[in-house]
Structures are given as C-alpha cells and as structure tokens.
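The values are calculated or read from the model by the stated rules, or taken from the named source; none is laboratory data. Note that the structure is predicted; figures quoted are calculated from it, not measured. As a convention, Cβ positions derive from the backbone with ideal geometry for all residues, glycine included, and neighbour counts pool all protein chains shown. Quick note on the areas: whole protein, heavy atoms, side chains included, nothing else; ligands and nucleic acids left out. Shrake-Rupley method; radii C 1.70, N 1.55, O 1.52, S 1.80 Å.
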Number of protein chains: 2
Amino acid sequence: MTVQPSKQAIDFCATMTDEQDEFAREMLERVSAKWPLRTLQILQAAGGPLRFSRVLERVGGISQKVLTQTLRMLERDGLITRTLYPQVPPRVEYELTPLGYEFLLQTVPLWHWIIEHLPAFTAARHEAAKR
Amino acid sequence: MTVQPSKQAIDFCATMTDEQDEFAREMLERVSAKWPLRTLQILQAAGGPLRFSRVLERVGGISQKVLTQTLRMLERDGLITRTLYPQVPPRVEYELTPLGYEFLLQTVPLWHWIIEHLPAFTAARHEAAKR
DNA sequence: CTCCTTGGTTTCCAATAGGTAAGTATAGTT
DNA sequence: AACTATACTTACCTATTGGAAACCAAGGAG
C-alpha cells in the first residue's frame, strides 16, 4: 500500500470519541441492514406519503412484522414520519423527513462506487473460487 | 418534502438492473456488519501488513472464529490480501488492497455525516421516547 | 349477526449468528 | 518427553432474527 492521497480523510476517525464511534457504527449497521435502506428509497421514489400497504407492496418480499419493525425504527431515528389518521379502518401514512432525505443522499456516492466496481468484486470472487 | 436539489443523484438508482441492485445491497450489508468495517479501519491504520494475532488484539472484543470468518470474507471480496508464510509456527499476514483502501475512502463522507448529525438522531430518539 | 377492511401485534417455529472451549499441525526449545 | 507458539477448525450451546399465520379493534356493508 503506497496510496497516500487524502489519507487524513480517513484519519479523522482517530479524533472521534469511543462514544461517537460506537454510535456511528450502530447507525450505519442499523440502516444498512436488509430492509431499511430499501424502505427509505421506496419512500423517496414515491415523492410523498405512502400508506403501510403500499410500502409493503413496493418493498416486496418483506413480511408485515419486519416492515412494521423497520418503519418504527426509522421513525425513532427521525428518518421518516408516521401519521395516523384516526379513521375506520385506520389510515397510516409514512413519509421521508428532510433528515432521511439527506441521509439517503449521503449514501449515493458509496452506492455508486460499489456498482462501478462491481466487476472488480466479481473478479476477486472468481479468483478466490479457483483456489 | 419540498427538497429538490440533486434529486437525480438518487434517481440513478432507477437505472440499475435488479442484479446490480441486489449485489450492491449485499456488499453494503456485508461490509457494514458488526466487524468488517472496523477490521478494514484497523488494517488501514496499521499502514502495512498485520499478523492475525495483532488484528485480533486491535479490533478488540471479537472472537478468533469470527475474526477468521471476517478476514476470509474480506479476502474473498478482494478488499484485503492474505499471505501465508509456510514457516513453523505459521505466519499469516493481512493487508489492505488498493480496492479496500478506496472502499474505506468512500465510507468516510457518510461516516462523517452521521457524526455531524448525531445530535439530530439523539433528539429524534428523545422525542420518540416521550410518547 | 357476520364479514370486510387496515395496520398492526402475537405466537410459533426454523435458520442464522456468535461465543467458549477444545483440538490440530509441527518444528523448536527445555 | 513435555511444552510452546501460531493460526486456525470443530463442536457445542445460546441468543437473535425472520417468516408464516392467526388474532385484534371497530365501524360499515350486506
């Protein structure tokens, strides 16, 4: 490894407290689990509020229980809002908050980089499989 | 939601194939699990090859078994190299690849953003706890 | 009086993750 | 002959995750 450019971009991590480090790690882990990111993307793509059932359809492959958990978690972290209209049958709408939108924006470069380097990953796996 | 700037930065996602989407999601999920990112950061901070035991010490709190699994996975994805020196007792060294280093660089802005917005997350949780 | 609807919650079960501890291989040291 | 060191691997056990499906509330329709 002789790569040097913007090494300090990584080294800022050294200036973090353990608490910050742990919290950031937790957020990243939580949000990059199987469903949360996809859920946020669905809500972003919708461009407005979505009812529970609509999210369920569009995310696809997720169970009711897990979607409920996911939405509650995202709400707790302030990334989405949950609005209950006390009708019968009840109507609940979920919507991306500005914070959630900003977060989603931050993930884009990483996302993009991974897709650009998809061939490199495939090659690495192929190489590893030979041995 | 009236935020509009660089909306297309997110919408590029729509141009992805399902395969790309799934793969990118998988990579992100894998690498942001409990140990992989931390392991990469340790190897980066070392600035050179590290033996298994040294990584074990520095990561801290990880078991031998899980570290082995983590390192193998990172190697398979081409983010680190594993070099076995056939001595007795055996010596094995792990080192960040340029791909691994680049990946780590990509995570920095997101990491940074999360830490900057830590107060917002804390506030959201506090708000949620009240209800 | 029963069914339908929505947005869950609850229960049960199977799969996965992760930890501890012990085993393994082998040359060198005591 | 016993012991050490290294880098795992294996066995075993527990805890968490996730899916399917049943249950629930409450008013309106038939």
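The criterion of being within 22 Å of A:THR107 (Cβ to Cβ), open to solvent by 30 Å² or more (accessible area, probe 1.4 Å) and hydrophobic (A, V, I, L, M, F, W, C) holds for B:MET73.
Among the candidates A:GLN44, A:GLN106, the residue that is touching a residue at least 60 places away in the same chain (Cβ under 8 Å), within 13 Å of the chain's Cα centre (by Cα) and closer than 30 Å to B:LYS130 by Cα is uniquely A:GLN44. Restrict the check to the stretch A:65-72 and report whether at least one residue is facing chain B (nearest Cβ under 10 Å) and either in contact with a helix residue (DSSP H, G or I) (Cβ under 7 Å, 6 or more places away or on another chain) or of a type in the set (Lys, Arg) (or both). Yes, the stretch A:65-72 has at least one match.
Collect the residues in the stretch A:42-64 that are within 12 Å of DNA strand C (Cβ to nearest atom) and within 10 Å of chain B (Cβ to nearest Cβ), keeping them in residue-number order. Listed by number, the list holds a single entry, A:PRO49.
A:GLU95: within 12 Å of another protein chain (Cβ to nearest Cβ), of a type in the set (D, E, K, R) and closer than 21 Å to B:ARG125 by Cα, yes or no?
Here the answer is yes, as A:GLU95 does meet what is asked.
Return a yes/no flag: does the stretch B:76-99 have any residue that is more than 16 Å from DNA strand D (Cβ to nearest atom) and either in a helix (DSSP H, G or I) or surrounded by fewer than 13 Cβ atoms within 10 Å (Cβ to Cβ) (or both). Taking every residue of the stretch B:76-99 in turn, at least one turns out to be more than 16 Å from DNA strand D (Cβ to nearest atom) and either in a helix (DSSP H, G or I) or surrounded by fewer than 13 Cβ atoms within 10 Å (Cβ to Cβ) (or both). None of B:THR39, B:THR107 is within 13 Å of DNA strand C (Cβ to nearest atom), touching a Leu at 6+ places or on another chain (Cβ under 8 Å) and of a type in the set (Ser, Thr, Tyr) except B:THR39.
Got a number for residues in the stretch B:21-41 being open to solvent by less than 60 Å² (accessible area, probe 1.4 Å) and either among the charged types (D, E, K, R) or facing chain A (nearest Cβ under 9 Å) (or both)?
12
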